[in-house]
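Beneath this line is the structure, given in structure tokens, with notes to follow.
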Amino acid sequence: MRLPIHGTLLVLALIVPTRHAVAQTGAIGTHYGVNLTEGHWEQEHLGVHGEVRAVGPLVVSAAISKLIDWPAVTGLTGSAWQVHANVRLRPPGTWSFASVGYGFVVVRSSVQGTVQPGTTVTVSDSEFADTAVLGLQAPLQYVRPFVDLYLIYLLDRTGQVGVNLLMGLQLPIPLR
């Protein structure tokens, strides 16, 4: 039984990138990030991230960050975390340096403060939004500097688009 030519091409299109992706690397690293939504650097955060080449040009990427100056109001304490997860398109190869992708971001924050003497208020919130990412990385062999620009709330037409910038270093790791 012979496959028609378009069936053969489909099988090859699935097998060749998969075989090629097995030889690719993933990466782990650290980053420093800021929120640029208001036009200036605010809500600085530090974190870790990782990525794995799935198939062909598809890369699965995730980053988790802790805001280091949260909340930035005197008299309040608390913490905030954010998680970015996305699927990117990055051409395979050692000289590939640009990527574009789409995914989501989850932000979790909590704040505690004293409203009146003897009265403490605790507020927690979680937020989920869609995000697009534009990425650049230096295609170096051992340590790769990178910059990722996240555009947040693209599908939410009620507010402005948020902007996060992550900069850091990543180390390539073999998948086998």
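The values are calculated or read from the model by the stated rules, or taken from the named source; none is laboratory data. Treat the numbers as computed from the prediction; the structure is a model and nothing was measured. A quick note on method: Cβ atoms are made from the backbone with ideal geometry, for glycine too, and the neighbour counts reach across all protein chains shown.
A count restricted to region 76-89 and to residues that are more than 24 Å from Leu134 (Cβ to Cβ), touching a Ser or Thr at 6+ places or on another chain (Cβ under 7 Å) and surrounded by fewer than 16 Cβ atoms within 10 Å (Cβ to Cβ) stands at 1. Looking for something modelled with pLDDT under 95, more than 18 Å from Gly47 (Cβ to Cβ) and either surrounded by 12 or more Cβ atoms within 10 Å (Cβ to Cβ) or among the charged types (D, E, K, R) (or both) - is there at least one such residue anywhere in region 100-108? Within region 100-108, not a single residue is modelled with pLDDT under 95, more than 18 Å from Gly47 (Cβ to Cβ) and either surrounded by 12 or more Cβ atoms within 10 Å (Cβ to Cβ) or among the charged types (D, E, K, R) (or both).
Filtering region 55-68 to residues that are at pLDDT 90 or above, more than 16 Å from Val105 (Cα to Cα) and outside any loop (DSSP other than H, G, I, E, B) leaves Leu58, Val59. Filtering region 7-19 for residues that are in contact with a strand residue (DSSP E or B) (Cβ under 8 Å, 6 or more places away or on another chain), surrounded by 14 or more Cβ atoms within 10 Å (Cβ to Cβ), modelled with pLDDT of 85 or more and farther than 25 Å from Gly159 by Cα leaves an empty set.
Report whether or not Val123 is modelled with pLDDT of 90 or more and either over 14 Å from the mean Cα position of the chain (by Cα) or part of a loop (DSSP other than H, G, I, E, B) (or both).
For Val123, the condition - modelled with pLDDT of 90 or more and either over 14 Å from the mean Cα position of the chain (by Cα) or part of a loop (DSSP other than H, G, I, E, B) (or both) - is met.
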